[in-house]
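To start, the structure under review is shown below, and the notes come after it.
The values are calculated or read from the model by the stated rules, or taken from the named source; none is laboratory data. The shown structure was predicted, so the numbers you read here are calculated from the model rather than taken from an experiment. Cβ placement follows ideal geometry from the backbone for every residue including glycine, while neighbour counts extend to all protein chains displayed. Ligands, DNA and RNA are excluded from the accessible area calculation, which covers all protein heavy atoms including side chains. Shrake-Rupley method; radii C 1.70, N 1.55, O 1.52, S 1.80 Å.
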Amino acid sequence: MNQNDSNRQLQVLTVCGVGMGSSLILRMNAEKALSTLGVSAKVEHTDMSSARSMRADVVIAQGMHADDLAGVAPVVLSISNFMDVDGLRRQLDEALRAQGWLGDE
Amino acid sequence: MSEPDDDAPVVAAATGVNAADWRAAVRAACQPLVDAGAVEPRYTDRCVDMVEEHGPYMVLTPGLALAHARPTDGVRRLCLAATTLTEPVMFGHPDNDPVDLLIAFGSPDDSSHIGLLQKLAEHLLAGLADTLRDAPDRARAIRALETVVADL
């Protein structure tokens with residue numbers, strides 16, 4: 001995502017093995033975290049094999065899957081606790097700032 | 001809302017289950033759904049296969065695993081079950097082991113479960129896992145899950 005695309009929604013992909021349960025719960029918590037950061041984002045959830053052929057700005061998955069997803073997005077976040085919305089918010093905040101996708105207040 | 005509804009999710013539970021290892025725990029977590037007729041017995045094997053194939057990623061948060069397989073693996077009805085273990089088991093998750101609570105679900109298609117899991121996530125954020133862990137018996141655990149379903 002380029003900075004001059006600032007009106008474009010951030011494309012976020014949450015990924016798990018089957019693409020039905022864990023990734024869906026992670027998607028809901030990622031939506032909560034992004035909303036508290038004030039980031040406009042489209043979050044989708046999917047399974048590992050589909051994810052490999054997809055492209056996004058940010059991909060979020062369990063650490064054990066993160067290496068496999070390196071080519072999917074410039075930002076790959078490893079999450080251990082899928083229910084820790086505040087931890088997810090902090091990781092997103094740091095990663096989006098590092099990319100210049102989240103400005104200072 | 002309180003009227004019997006053929007489309008309402010099947011809710012089931014088991015408390016104080018002895019499981020020797022994670023495979024036994026996943027099987028135990030699926031058994032209430034098999035007993036309720038919501039999934040075919042083979043669903044249990046497929047839930048174990050999912051962990052074998054993809055790793056213990058479904059250990060979502062410390063102590064809690066979400067067991068499920070695909071709609072084509074023998075799901076008859078949308079369903080949700082909670083199972084607590086007397087002794088926690090190791091799944092091999094780097095941070096969230098050991099697991100003492102399993103939530104199993106089954107969805108008859110790729111979308112029927114979305115609302116249910118949304119509510120489940122909300123209730124987990126509001127402390128459902130500990131309510132289930134503290135449930136002294138099956139009836140109390142089912143009642144806790146029914147609050148999730150009633151919220152749909």
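Quick look at the values:
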item: Scope the range B:24-47; condition exposed (fewer than 15 other Cβ atoms within 10 Å of the Cβ) and touching a strand residue (DSSP E or B) at 6+ places or on another chain (Cβ under 9 Å); matching residues; result: B:Asp35, B:Gly37
item: Of all residues making up the range B:116-152, the number that are over 14 Å from the mean Cα position of the chain (by Cα), within 14 Å of chain A (Cβ to nearest Cβ) and among the aliphatic types (A, V, I, L, M); result: 2
item: Odd one out for B:Asp7 among (1) out of contact with any Gly (no Cβ under 8 Å at 6 or more places or on another chain); (2) in a loop (DSSP other than H, G, I, E, B); (3) surrounded by 23 or more Cβ atoms within 10 Å (Cβ to Cβ); result: (3)
item: Contacts under 9 angstrom Cβ, first residue in the range A:73-84 being on the phi > 0 side of the Ramachandran plot, partner of a type outside the set (A, V, I, L, M) and part of a strand (DSSP E or B), 6 or more apart; result: none
item: Entirely in chain A, the helices (runs of 4 or more DSSP H) that have 3 or more residues that are at pLDDT 95 or above and either within 13 Å of chain B (Cβ to nearest Cβ) or surrounded by 17 or more Cβ atoms within 10 Å (Cβ to Cβ) (or both); result: A:22-36, A:85-98
item: Looking only at the range B:52-65, and only at residues there that are modelled with pLDDT of 95 or more, at the interface with another protein chain (Cβ under 10 Å from one of its Cβ atoms) and open to solvent by less than 10 Å² (accessible area, probe 1.4 Å), the one that is nearest to B:Ala129 (Cα to Cα); result: B:Leu64
item: Subset tally (residues that are surrounded by fewer than 23 Cβ atoms within 10 Å (Cβ to Cβ) and more than 10 Å from chain A (Cβ to nearest Cβ)) for the range B:102-115; result: 4
